[in-house]
Amino acid sequence: MCAIGNQGRTRSAPRNRRALALQCMSSKRQEGKRKRKANELILSADKRTLANQRRTMTEHSDLLEIVRRPLSPDVQLEVQASGEEYEQVQAILENEECKYPRLWYDGTRNIAIVAAPPSALHAAMVTALLSDISRAVVRQPGLSSEISNRVYQWAEMGNTRGRTTRGWDGAIQYREGNRTTLMIAVEVGVSQSYESLRAAISWSVCALRCRLGIAMCIREQGRGEAPDPPQYSSIQEENAAVDEAEEDFRHQLTERPYGPLVRDGVTWFGRLERVVLETYRAPDENITESMVLDPSRSFTIVEDGEFVGGDVPPNLQEVVLGDCIPDHILDGDEIVARPVKFFRRDWFEAQFQAGMVRTAGNRMRPRPQ
């Protein structure tokens, strides 16, 4: 009888284990459901909080109201705002995954800076400056590819120091393993006040401690009241009309290299009033983040629709290899001080005029709502 009893218990053991396994799986499924439900409740609560925050802010936030307005390219607006209000509006933009407008904050003045998307001219000149400086570095005689290949171009990005968050238009950085050093920061101002442009490039030099700041200030003469773009029946018609207009604009540039660009009696890009290229350096180590620097060099390139920059030095009298690559990487003071020659009239005019044409063409397209 004992043998029979033992066989029964032996046969029942696998069934018990299966039952325990099924019970364990069921418990895990129930636990998973509870966790998913809890996460859904948390996410739902976060969404409700954000929605409530948005509704509350909409009632009284000048900053959120301005961020919601359609902004013309290159426009920068300064709005008095607390740090808390800035963070709340920034959270709303991030939740909506908005690339533009960009939102920065000047903690020393309690000012939020609303930056509209760049125009084609703005973007073209940032890219041109970064690319030509980088190419001039790579072409330096005697510089190994191992060193020159660590020079990187960076597009617009934000940086925070203390209570201030700002962005640069572009930068040249040098990478050593997992360490990146900011060497040159670039700012281009189109329809931006000169004071604002100086403050932006000064912050990169003083707060971020870049070796050199380069700023280009572009002034387009007033075009009068901004015309409404033409109405098109289809995207194909729009593209064809803009392509035809841009070809006409290129022809106009052969006679008027710096505008205006006119189509059917409407000025889509005004005559260039002035283009100035400047460099900025920290005068010494005793600098503060809020300092606004004077330029170390300033060159007028275009004045009243005419090129006047024939005597601008190719390295702006000061851009050297040590501005692009840290001194300890280079061998000898002579190499550190070697000029980086990147500025040429043919390069400047080709890039600038292409940006003017694209900007004028984009102004003929319907504005996003």
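Return the tail of the calculated pair distribution for the range 256-312, meaning the percent of Cα-Cα pairs more than 19 Å apart. Summing the P(r) of the range 256-312 above 19 Å gives 51 percent of all pairs. Separation of the range 329-366 from the range 121-175 is 12 Å, based on Cα centroids. For the range 223-292, GluC sites (Glu not before Pro) meeting the loop criterion (DSSP other than H, G, I, E, B) and having at most 11 other Cβ atoms within 10 Å: GLU225, GLU255, GLU285. Here the label points at GLU255 and ALA155, each 7 Å from Cα along the C-beta direction, are separated by 3.8 nm in the simple model. In the range 120-363, taking the dipole from charged Cβ atoms about the Cα centre, the farthest positive-side position among THR164, GLN140, PRO326 is held by PRO326.
Simple point charges give the picture: +1 on the Cβ of Lys and Arg, -1 on the Cβ of Asp and Glu, and for the range 125-244 a dipole about the Cα centre of about 1160 debye.
Of the residues HIS328, HIS122, the one with the fewest other Cβ atoms within 10 Å heads the list, and the complete ranking is HIS328, HIS122. Note that the range 276-369 carries a Kirkwood radius of 16.6 Å, evaluated over its alpha carbons pair by pair.
In terms of surrounding Cβ atoms within a 10 Å radius of their Cβ, CYS210, CYS217 rank from fewest to most as CYS217, CYS210.
Is the range 120-363 best put as rounded, prolate or oblate by its Cα gyration tensor, with a ≥ b ≥ c the root eigenvalues, rounded for a/c under 1.5, and otherwise prolate when a/b is larger than b/c, oblate when not? Cα axes put the range 120-363 in the prolate bin.
Residues SER119, SER296 in ascending order of nearby Cβ atoms (within 10 Å, fewest first): SER296, SER119. Across the range 120-363, Cα pairs under 8 Å and at least six residues apart give a relative contact order of 22 percent. Expressed in Å, the radius of gyration and Dmax of the Cα atoms of the range 206-259 are 18.5, 52.
FYI, it's all coordinate maths here, none of it is from the lab. Not measured: the values here are computed from a predicted model. We place every Cβ from the backbone using ideal geometry, glycine too, and count neighbours over all the protein chains shown.
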